[in-house]
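Remarks on the structure that follows.
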Amino acid sequence: MWGTPRHEADFHYTVLCCLVAIGSTITCGRTPPEAARLAVAASPVRSLPRSATLRRSTQQSRSSTIEGRTPDSVRHRSAFTVIPSKAMSTISAIPKTLHFISASVKTPSPVALVTGSTSGIGAAIARRLSKAGFSIVLHSRSSAAAGHALARELGAAAYVRADLADDADRVKLIREAIAVWGRLDVLVNNAGISRVIPHADLAAATPDVWQELHEVNVVAPFRLITEAQSALREAATRGKPGCVVNVSSHAGVRPKGASIPYAATKAALNHVTRLLAVSLAPDIRVNAVAPGLVDTPLTAEWTQAQQLWKERAPMRRAASPEDIAQAVAFLVDSDYLTGEILLSDGGLNLT
Ligand SMILES: NC(=O)c1ccc[n+]([C@@H]2O[C@H](COP(=O)([O-])OP(=O)(O)OC[C@H]3O[C@@H](n4cnc5c(N)ncnc54)[C@H](OP(=O)(O)O)[C@@H]3O)[C@@H](O)[C@H]2O)c1
């Protein structure tokens, strides 16, 4: 009789088997990352072989690549898992009319896209969110080898290459990031560029410099949020608002920084953060972390700034990338915070 534990268990097992088979059926003819997404289903299979690793070739888009791997965190933290490809091929005879059941299948661990995550602050953010249980989409403009290496290190990670100065690439990045696991919960707009120009040298801050910095530091984050908006809104339907964290700069808060065009782009990004916090609420939270000096490849030669932080900042040092990653993780974890610009400069602004 329906309702008794035994029959409920039998029913659940039958549904699980259907879901496994459905995953197999709907996977046919899909690209590997999309197939992985569709294959995420309730399954009695708890332990997965590494053969579930996924790869996509560079042919799919002009300048983007994806390397994806089985989300390990799914394996460890959820009843839902990726079905190994061999098992999928043995159970493909379930009619497509049963596909509707897959809509009720819970999705795996939350997914975070971190732009510019092959180096410096972005790599530290990716590692931190990965440790917190996120499946990660890594990204950079050209450093694909570093992206693939970090994807292997993290396990539940995929790498996508895209030039954020190019609008078509921005759109492809979001499309491909969502295709990896079929969801996107967190977008960290970390990628950014800087130009060192003395503030008094107005002629050196040419229109080209202004436009280049504005495209990558302001327009790109806005466009990525635009393209990711519906996926991030879906996160709210799973019980947590979607989340955007923009990595701006203390130079966008105070009249400081590597150059006036750089500082102006970061000030614009801070304002965009507040504006979008209002317009995207309550489904999506939008915050920013504004670092002071951080020890990364970008600042390796900035000896004057390093000296300044040692002498004047109350914390007597520049930040490590992990310090900034910690601030980002805090904002990601704080479901009630939106529109905040979290200054992380070791207290320099107080002096
Ligand atoms: N370091 C600091 O002291 C500091 C202070 C305040 C704010 N910030 C901000 O923090 C963020 C990260 O800085 P970081 O020091 O970690 O930089 P970084 O080590 O130079 O790394 C920059 C990352 O962004 C990617 N990137 C740059 N331009 C891109 C483009 N056009 N399209 C796609 N990806 C692009 C790079 O990819 P490729 O390597 O492939 O080019 C790399 O992965 C930036 O927004 C920066 O403005 C840094």
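Somewhere in region 231-238, is a residue farther than 21 Å from Val209 by Cβ and not in a helix (DSSP H, G or I)?
Yes; the residues of region 231-238 include at least one that is farther than 21 Å from Val209 by Cβ and not in a helix (DSSP H, G or I).
Which one of Leu184, Leu269, Leu232 is within 26 Å of Val294 (Cα to Cα) and among the aliphatic types (A, V, I, L, M)? Please lay out each step first, then the result.
Working: Leu184 fails: within 26 Å of Val294 (Cα to Cα); Leu232 fails: within 26 Å of Val294 (Cα to Cα).
Every option except Leu269 fails the conditions.
In region 315-322, is there at least one residue being more than 12 Å from the ligand (Cβ to nearest atom), of a type outside the set (Asp, Glu) and under 20 Å from the mean Cα position of the chain (by Cα)?
no
Among all residue pairs at least 6 apart or on different chains, which show Cβ distances below 8 Å where the first residue, located in region 297-310, is within 21 Å of Leu350 (Cα to Cα) and the second is modelled with pLDDT of 95 or more and part of a helix (DSSP H, G or I)?
That search, which allows pairs on different chains as well, returns Leu308/Leu348; Trp309/Leu348.
Quick test of your reading of the structure: Val328 fulfils all but one of (1) surrounded by fewer than 22 Cβ atoms within 10 Å (Cβ to Cβ); (2) outside any loop (DSSP other than H, G, I, E, B). Name the failing condition by number.
With respect to (1) surrounded by fewer than 22 Cβ atoms within 10 Å (Cβ to Cβ); (2) outside any loop (DSSP other than H, G, I, E, B), Val328 is out only on (1).
Six or more apart or on different chains, Cβ atoms under 6 Å: show the pairs whose first residue is in region 159-170 and closer than 18 Å to Gly122 by Cα and whose second is modelled with pLDDT under 95 and buried (at least 19 other Cβ atoms within 10 Å of the Cβ).
From residues that are closer than 18 Å to Gly122 by Cα, the pairs are Tyr159/Glu67; Val160/Ser64; Val160/Ile66; Arg161/Ser64; Arg161/Thr65; Ala162/Ser64.
Among the residues of region 237-285, how many are in contact with a strand residue (DSSP E or B) (Cβ under 7 Å, 6 or more places away or on another chain) and either more than 16 Å from the ligand (Cβ to nearest atom) or not assigned by TED's automatic domain parsing to the domain that holds Ala191 (or both)?
Residues of region 237-285 that are in contact with a strand residue (DSSP E or B) (Cβ under 7 Å, 6 or more places away or on another chain), as a first pass: 241-250, 252-253, 269-270, 273, 276-277, 280, 283-285.
Next, only the ones that are either more than 16 Å from the ligand (Cβ to nearest atom) or not assigned by TED's automatic domain parsing to the domain that holds Ala191 (or both) stay: 241-243, 276-277, 280, 283-285.
Matching residues across region 237-285 total 9.
Just give me the residues in region 321-338 being in contact with a strand residue (DSSP E or B) (Cβ under 7 Å, 6 or more places away or on another chain) and among the small types (Gly, Ala, Ser), in sequence order. Please lay out each step first, then the result.
Let us first name the residues in region 321-338 that are in contact with a strand residue (DSSP E or B) (Cβ under 7 Å, 6 or more places away or on another chain), namely 321, 323-324, 327-328, 331-332, 337-338.
Within region 321-338, Ala327 is the sole residue that qualifies.
Would you check if Lys266 is in a helix (DSSP H, G or I), crowded, with 20+ Cβ neighbours inside 10 Å and either in contact with a His (Cβ under 8 Å, 6 or more places away or on another chain) or at pLDDT 95 or above (or both)? Quick ask: steps written out before the conclusion?
On the way: in a helix (DSSP H, G or I): yes; crowded, with 20+ Cβ neighbours inside 10 Å: yes; either in contact with a His (Cβ under 8 Å, 6 or more places away or on another chain) or at pLDDT 95 or above (or both): yes.
So Lys266 passes the test.
Filtering region 291-307 down to residues that are more than 7 Å from the ligand (Cβ to nearest atom) and not in a helix (DSSP H, G or I), which residue is modelled with the highest pLDDT? Even if it seems obvious, please write down each step before you answer.
Step one: of region 291-307, the residues more than 7 Å from the ligand (Cβ to nearest atom) are 295, 300-307.
Subsequent filtering for residues that are not in a helix (DSSP H, G or I) retains 295, 300-302.
Values: Asp295: 96, Ala300: 91, Glu301: 90, Trp302: 91.
By that ranking, first place goes to Asp295.
Pick from region 243-262 the residues that are farther than 15 Å from Ile225 by Cα and among the aliphatic types (A, V, I, L, M): which of them is surrounded by the most Cβ atoms within 10 Å (Cβ to Cβ)?
Per the stated criteria, the residue is Ala251.
Is it fair to say Thr226 is assigned to a helix (DSSP H, G or I), surrounded by fewer than 21 Cβ atoms within 10 Å (Cβ to Cβ) and more than 10 Å from the ligand (Cβ to nearest atom)?
Numbers: assigned to a helix (DSSP H, G or I): yes; surrounded by fewer than 21 Cβ atoms within 10 Å (Cβ to Cβ): yes; more than 10 Å from the ligand (Cβ to nearest atom): yes.
So Thr226 passes the test.
The values are calculated or read from the model by the stated rules, or taken from the named source; none is laboratory data. Computed from a prediction, not measured in an experiment: that's the story for all the values here. Methodologically, a virtual Cβ is constructed for each residue, glycine included, from the backbone with ideal geometry; neighbour enumeration extends over all protein chains shown.
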